[in-house]
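Written below as structure tokens is the structure these notes are about.
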Amino acid sequence: MHPTWDDIEQHISACDHCPLGRTRHLPVMGRGSREAQIMLIAEAPGSQEDLEGLPFVGRSGKILDELLDACSLTREEIYITNIIKCHPPGNRDPKETEKEACLPYLKYETFLLKPKIIVCLGRVAAQRIISPDFKITRQHGTWTYRKDCALTAIYHPSAILRDPSKFEVTKADLLEIVRKRDEL
Ligand code: URA
């Protein structure tokens, strides 16, 4: 039997597949429309997300909202989640073992959502989801096709925070994603 959204949420809340479940405050499930055609996948929750139990509520979330707004998209039209559902202490990069342990949750979310388009936010997500040698600087905005789904990657909002000149190129990528959604 396939899990429901509630099953996934309950499993994540009680998860002990890796040590991150013992140090996080709140698990961070995906958020948005469960009928969305566009699924955004980032790396791992930050410290604000850890406190609120919601994805992209901190500084990166503000940039993400600005990007969505610039493309006339709302969070209600998309589904946004992370590979890892628990905040790694000190914001360190998630370990491979932690990513592997958490991956079944992402697979169930993807199975239930059945997105037309998957957008990886940043290099880490793109390398895990699209291809291990994905180069975000050269390949952002390019498309890969898998079964009934088109996959692409854009800069992570935190990269835009560090280098605001990446905002316009990311906005252009996102506008193309919206165009693709309307065409598929
Ligand atoms: N950065 C991420 O990669 N994910 C979040 O949920 C927030 C910040």
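Here, each number is a calculation from the coordinates, and none is a lab measurement. Predicted model, so just to flag it, every value in this text is computed and none were measured. Every residue, glycine among them, receives a Cβ derived from its backbone with ideal geometry; neighbour counts consider all protein chains shown.
General remarks:
- Length released on extending from ARG162 to THR144, taking residue separation times 0.36 nm less the Cα-Cα span: 3.7 nm
- Angle in degrees between helix 59-70 and the longest Cα principal axis of the chain, rounded to the nearest 10: 40 degrees
- The charge dipole of the chain, taken about its Cα centre with unit charges on the Cβ atoms of Lys, Arg (+1), Asp and Glu (-1) only, comes to about 460 debye.
- Using a cut-off of 27 Å between Cα atoms, the listed pairs LYS107/LYS135; LYS95/LYS171; LYS114/LYS166 include LYS95/LYS171; LYS114/LYS166 as exceeding that distance.
- Structural descriptor for the chain: relative contact order 24 percent, calculated from alpha carbon pairs under 8 angstrom and at least 6 residues apart.
- Backbone amide hydrogens, once placed in the peptide plane, bring ALA153 within less than 5 Å of CYS120, GLY141, THR142, excluding anything fewer than 5 places away on its chain.
- Prolate/oblate/rounded call for the stretch 40-127, Cα gyration tensor, a/c under 1.5 rounded: oblate
- Gain in span if fully extended, LEU51 to ASP133, counting 0.36 nm per residue against the direct Cα distance: 26.2 nm
- A full extension of the chain between HIS2 and ASP16 corresponds to an added length of 3.0 nm, given 0.36 nm per residue minus the alpha carbon distance.
- With Cα atoms, 0 to 90° folded angle of helix 166-183 axis to the chain main axis: 90 degrees
- Distance in nm between pseudo-label sites at PHE111 and ARG179 (7 Å out along the Cβ direction from Cα): 3.6 nm
- The alpha carbon gyration tensor of the stretch 1-157 gives principal lengths a ≥ b ≥ c with a/c below 1.5, which makes the shape rounded.
- With θ taken as phi - 60° and the Karplus curve 6.51 cos²θ - 1.76 cosθ + 1.60 applied, the whole-hertz 3J(HN,Hα) list for the stretch 31-44 is 9, x, 7, 7, 10, 4, 8, 10, 10, 9, 10, 10, 8, 7 Hz, x standing for glycine and proline.
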